[in-house]
Structures are given as structure tokens and as C-alpha cells.
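Below you'll find the structure, written out as C-alpha cells, and then a few comments.
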Ligand code: NAP
């Protein structure tokens with residue numbers, strides 16, 4: 001129960017990697033805030049966690065909208081008083097080769113993945129500053145380090161998240177707030193299920209550990225970065241890719 005009495009906010013946590021991260025923190029005693037686009041879905045996920053004996057609450061929020069983020073975080077703080085750990089997980093892909101990539105595909109991905117991370121981090125750090133402690137973890141991607149054909153928008157957004165986190169880590173180190181990223185490779189979720197089978201086969205051949213990652217592989221690293229064992233780690237990106245980018 002290493003996160004007992006901690007409030008953990010996970011964005012984009014109604015499904016996929018975010019949901020698994022929230023479940024992992026809940027299993028360690030944290031009160032988890034499920035934040036996602038669909039408010040009803042967040043309530044249902046939180047209710048399900050509660051029936052399993054965990055502490056949870058759900059809030060609908062669009063991370064791209066700064067005033068919506070501010071209102072939602074105010075509500076969370078009114079009810080739960082503090083946010084100790086933030087996991088910026090909400091993210092989307094709109095893949096296409098550059099010559100076919102539409103302006104709105106670029107804008108949407110940058111808005112959710114990069115501006116969303118800026119919005120939630122900016123608002124939540126205010127509460128953390130008062131407490132003079134906090135842990136911020138953002139889910140980036142190995143694509144933000146290596147680039148990828150058909151993912152110029154996604155790669156740029158995730159590279160941005162890594163650089164943003166390094167800067168914020170420097171700004172808030174003196175306030176005892178650590179800021180780190182997790183960069184997953186290919187994790188089995190609905191996001192990667194969209195990748196054509198023949199492409200998946202080729203990727204698998206390049207993964208030294210010979211399997212796609214599971215959501216739990218990412219959640220485990222988030223638990224570590226949020227724990228006291230990682231108190232002296234900030235501004236870092238931990239790659240979780242089965243050796244793909246080695
Ligand atoms: P996912 O299953 O598509 O889940 C993403 C969640 O984010 C969804 O619940 C989605 O809500 C929510 N979301 C989208 N736009 C939002 C917004 N504007 N405001 C609030 N929530 C929003 O994706 P995933 O595979 O779990 O990925 C989670 C994170 O890991 C992403 O940042 C992704 O880039 C990163 N990642 C994933 C992989 C992988 O292999 N899966 C690899 C590297 C990095 P809706 O369902 O309503 O759209």
C-alpha cells in the first residue's frame with residue numbers, strides 16, 4: 001500500500017494504458033482520479049473500481065481546453081484537497097505520410113498530446129507548489145526519440161513532451177517536484193491494434209524481447225517513478241520497449 005493517502009490524477013484513463021496505470025495505483029492504496037473526454041465513462045470506471053474495493057472518482061475533461069482543465073482541477077481539489085501525482089497519459093494518433101497529412105491531423109495531435117500535457121501540468125503544478133512536493137509523469141513514446149514513417153505529427157508531439165518535461169523538471173526541482181517521462185514502444189492496446197498485421201509482424205521481428213509490451217509494463221514504471229525510490233530522478237525518460245530502440 002505504498003500510495004495510501006495519495007491522490008493520483010491520470011488523464012485519458014477510461015481505457016487502455018491510462019486505465020491500467022490508474023488500476024495499478026489504486027491497488028497500491030491511492031485514490032485515483034479517472035479523467036477522460038467522456039464524463040459518463042469516467043464515472044462508470046470509477047464506480048467499477050469502487051465496487052472492487054478501491055478509492056476512485058471520475059471527471060470528464062478535455063485536456064486541450066485550458067479553462068475546462070482549470071475548472072475540473074478546481075472541482076477535484078474542492079473534493080479531494082490535494083493532487084500528489086499527475087500522470088499525463090491522454091494521447092491520440094492521426095497517422096499519414098507527410099505529403100498526405102492534413103493540417104487538422106497535425107493540429108489535433110499536437111493539441112491533445114503536447115498542449116494537453118502543458119495544460120494539465122500547468123494547472124496541477126500550482127497545487128503541488130503549495131504542497132512543496134509532487135511527482136509528474138508524462139507518457140511519451142519511443143517514436144518521439146526515433147521518429148517514424150507516417151507519424152511526423154505524433155513524433156513531434158512526443159519529442160515535445162520529452163523536452164517540455166526536462167524544462168519543467170529544471171523549473172520545479174527546487175520545489176521538490178520531479179518531472180519524468182515514460183517512453184513506451186509497441187504496447188498492446190486499441191491504438192496499436194489499428195496497425196496493419198504485416199507491419200505488426202515486421203515490428204515484432206525487431207523487438208529483442210520478442211513480444212509487444214503489455215499495459216502493465218508501462219504502469220509498473222509509473223509506480224516506480226512516483227515512488228520514494230525515484231526521489232532523486234528528474235528530467236529523465238525511461239524507455240519501455242523490449243529493447244526495440246537499443
Ligand atoms: P487509447 O487506448 O487510445 O487511450 C487514450 C485515451 O485518451 C482514451 O481514453 C481517449 O478518450 C483519451 N483522450 C483522447 N483525447 C483526449 C482529450 N482531448 N482529453 C482527455 N482525454 C483524451 O491509447 P493508449 O494506447 O492507451 O495510449 C495512452 C498513451 O500512451 C498515449 O499518450 C499514447 O500516445 C502513449 N503510447 C501508447 C503506445 C501504444 O503502443 N499503445 C506506445 C507509446 C506511447 P476517448 O476514448 O474518448 O477518445
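Coordinate-derived values only; no laboratory data. In this text, all values refer to a predicted model and were calculated from it rather than measured experimentally. A quick note on method: Cβ atoms are made from the backbone with ideal geometry, for glycine too, and the neighbour counts reach across all protein chains shown.
Could you tell me whether the stretch 81-88 includes any residue that is over 18 Å from the mean Cα position of the chain (by Cα) and away from the ligand (no atom under 14 Å from the Cβ)? Give the derivation first.
Residues of the stretch 81-88 over 18 Å from the mean Cα position of the chain (by Cα): 81-82.
Filter again for away from the ligand (no atom under 14 Å from the Cβ), leaving 81-82.
There is at least one residue in the stretch 81-88 that is over 18 Å from the mean Cα position of the chain (by Cα) and away from the ligand (no atom under 14 Å from the Cβ).
If a residue has to be assigned to a helix (DSSP H, G or I) and either more than 8 Å from the ligand (Cβ to nearest atom) or in contact with a strand residue (DSSP E or B) (Cβ under 6 Å, 6 or more places away or on another chain) (or both) to count, how many in the stretch 172-193 make the cut?
At the first step, the residues of the stretch 172-193 found to be assigned to a helix (DSSP H, G or I) are 172-175, 190-193.
This time we only want the ones that are either more than 8 Å from the ligand (Cβ to nearest atom) or in contact with a strand residue (DSSP E or B) (Cβ under 6 Å, 6 or more places away or on another chain) (or both), so: 172-175, 193.
Summing the residues that are assigned to a helix (DSSP H, G or I) and either more than 8 Å from the ligand (Cβ to nearest atom) or in contact with a strand residue (DSSP E or B) (Cβ under 6 Å, 6 or more places away or on another chain) (or both) in the stretch 172-193 gives 5.
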Lone unmet requirement of (1) touching a residue at least 12 places away in the same chain (Cβ under 8 Å); (2) within 20 Å of the chain's Cα centre (by Cα); (3) farther than 16 Å from residue 9 by Cα for residue 181:
(3)
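If you take the residues of the stretch 148-171 that are outside any helix (DSSP H, G or I) and away from the ligand (no atom under 12 Å from the Cβ), which of them is surrounded by the fewest Cβ atoms within 10 Å (Cβ to Cβ)? Give the derivation first.
Kept after step one, since they are outside any helix (DSSP H, G or I), are these residues of the stretch 148-171: 148-151.
Narrowing the set further to residues that are away from the ligand (no atom under 12 Å from the Cβ) leaves 149-150.
Working: 149: 9, 150: 15.
My answer is 149.
Just a yes or no: is a residue in the stretch 53-61 within 16 Å of the ligand (Cβ to nearest atom) and surrounded by fewer than 16 Cβ atoms within 10 Å (Cβ to Cβ)?
Step one: filter the stretch 53-61 for residues within 16 Å of the ligand (Cβ to nearest atom), giving 56-61.
Next, only the ones that are surrounded by fewer than 16 Cβ atoms within 10 Å (Cβ to Cβ) stay: none.
No, every residue in the stretch 53-61 fails to be within 16 Å of the ligand (Cβ to nearest atom) and surrounded by fewer than 16 Cβ atoms within 10 Å (Cβ to Cβ).
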